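Structure, as structure tokens:
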Amino acid sequence: MRKEAMMTALLGAGLVMAVSAAQAPPGPITTPNVQVAPTVTAMAANPAPSPTAKNQGTRTSIGSPAASVKASGPSGYWTDMVDVDGDGVEEDNQFLFDKKRGILYTYRNDNYSCADGTAQRGDVLMGIYVQGNTAGQPQGSGWFVVAVNAGQCGEKKAGLFGCRFDASGKPTTCGTAKVKEESGEVDVSIPKKQGQ
């Protein structure tokens with residue numbers, strides 16, 4: 001009898017733990033992080049080259065083979081020195097304004113932070129929604145993706161990781177990412193917790 005009571009208690013405790021784990025909010029997101037400075041979200045109000053911008057013209061895509069996006073058609077392109085991550089240092093950025101979609105894209109090779117706080121360097125692609133964008137997103141909100149190489153941030157395989165952010169630059173959803181060429185949007189898949 002005592003053995004049965006012990007077994008029932010263990011099974012009951014296991015069931016409680018399983019239910020609790022299933023209902024628990026996801027733990028810390030383990031994706032790379034990019035700081036989104038107020039200057040970036042403010043650019044959504046005026047997605048145009050500054051007076052000091054260089055290499056102005058039109059292009060149909062922006063980025064690198066690891067992190068890129070195609071515009072809906074020929075779009076305004078320029079390069080400019082802008083502090084997009086709020087660290088006080090202006091970085092050399094490429095910009096592509098897809099007026100039809102209402103998205104200002106920016107690309108750079110820059111530093112980002114792993115979940116454990118270590119710094120890495122890689123390709124960073126960002127999309128910032130402007131007023132009247134076809135996705136219906138708030139002006140100044142957007143997304144970023146980071147091309148992570150195997151071995152960076154504890155990743156065994158290379159991949160694209162990113163976050164959606166609100167108009168204040170605060171990340172809202174993070175995970176593995178995929179840029180959708182047909183829409184210029186990004187899909188973010190939240191990683192499941194171990195054992196789920």
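The values are calculated or read from the model by the stated rules, or taken from the named source; none is laboratory data. None of these values were measured; they are calculated from a predicted model. Counting neighbours? That spans all protein chains shown, and the Cβs are built from the backbone with ideal geometry, glycine included.
Here are the numbers for the structure shown:
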read-out: Hits in segment 63-79 (condition: among the polar types (S, T, N, Q), out of contact with any Gly (no Cβ under 8 Å at 6 or more places or on another chain) and in contact (Cβ under 8 Å) with a residue 60 or more places away in the chain); value: S64, S68
read-out: Yes/no for V179 being β-branched (V, I, T), farther than 19 Å from Q35 by Cα and in contact (Cβ under 8 Å) with a residue 12 or more places away in the chain; value: yes
read-out: Those residues of segment 62-79 which are surrounded by 15 or more Cβ atoms within 10 Å (Cβ to Cβ), over 11 Å from L125 (Cα atoms) and not aliphatic (A, V, I, L, M), in sequence order; value: K70, S72, S75, G76, Y77, W78, T79
read-out: Looking only at segment 63-79, and only at residues there that are part of a strand (DSSP E or B) and among the hydroxyl-bearing types (S, T, Y), the one that is nearest to P32 (Cα to Cα); value: S68
read-out: Residue match in segment 119-126 (condition: of a type in the set (G, A, S), buried (at least 23 other Cβ atoms within 10 Å of the Cβ) and more than 25 Å from A48 (Cα to Cα)); value: no
read-out: Verdict on T60 being part of a strand (DSSP E or B), at pLDDT 90 or above, among the polar types (S, T, N, Q) and within 15 Å of G102 (Cα to Cα); value: yes
read-out: Residue in segment 130-143 that is part of a strand (DSSP E or B), touching a residue at least 12 places away in the same chain (Cβ under 8 Å) and out of contact with any Lys or Arg (no Cβ under 8 Å at 6 or more places or on another chain) present; value: no
read-out: Every residue from segment 150-172 that is more than 20 Å from A37 (Cβ to Cβ) and either exposed (fewer than 14 other Cβ atoms within 10 Å of the Cβ) or touching a His at 6+ places or on another chain (Cβ under 6 Å) (or both); value: A150, G151, G154, K156, K157, A158
read-out: Output for segment 80-112, where each listed residue is surrounded by fewer than 17 Cβ atoms within 10 Å (Cβ to Cβ) and either without any contact (Cβ under 8 Å) to a residue 12 or more places away in the chain or assigned to a strand (DSSP E or B) (or both); value: M81, G88, V89, E90, D92, N109, N111
read-out: Subset of segment 148-172 that is within 12 Å of the chain's Cα centre (by Cα) and assigned to a loop (DSSP other than H, G, I, E, B) - its residue that is modelled with the highest pLDDT; value: D166
read-out: Enumeration of residues in segment 125-141 that are within 21 Å of T79 (Cα to Cα) and more than 16 Å from the chain's Cα centre (by Cα); value: V130
read-out: Output for segment 29-61, where each listed residue is buried (at least 16 other Cβ atoms within 10 Å of the Cβ) and in contact with a Lys or Arg (Cβ under 9 Å, 6 or more places away or on another chain); value: V36, P47
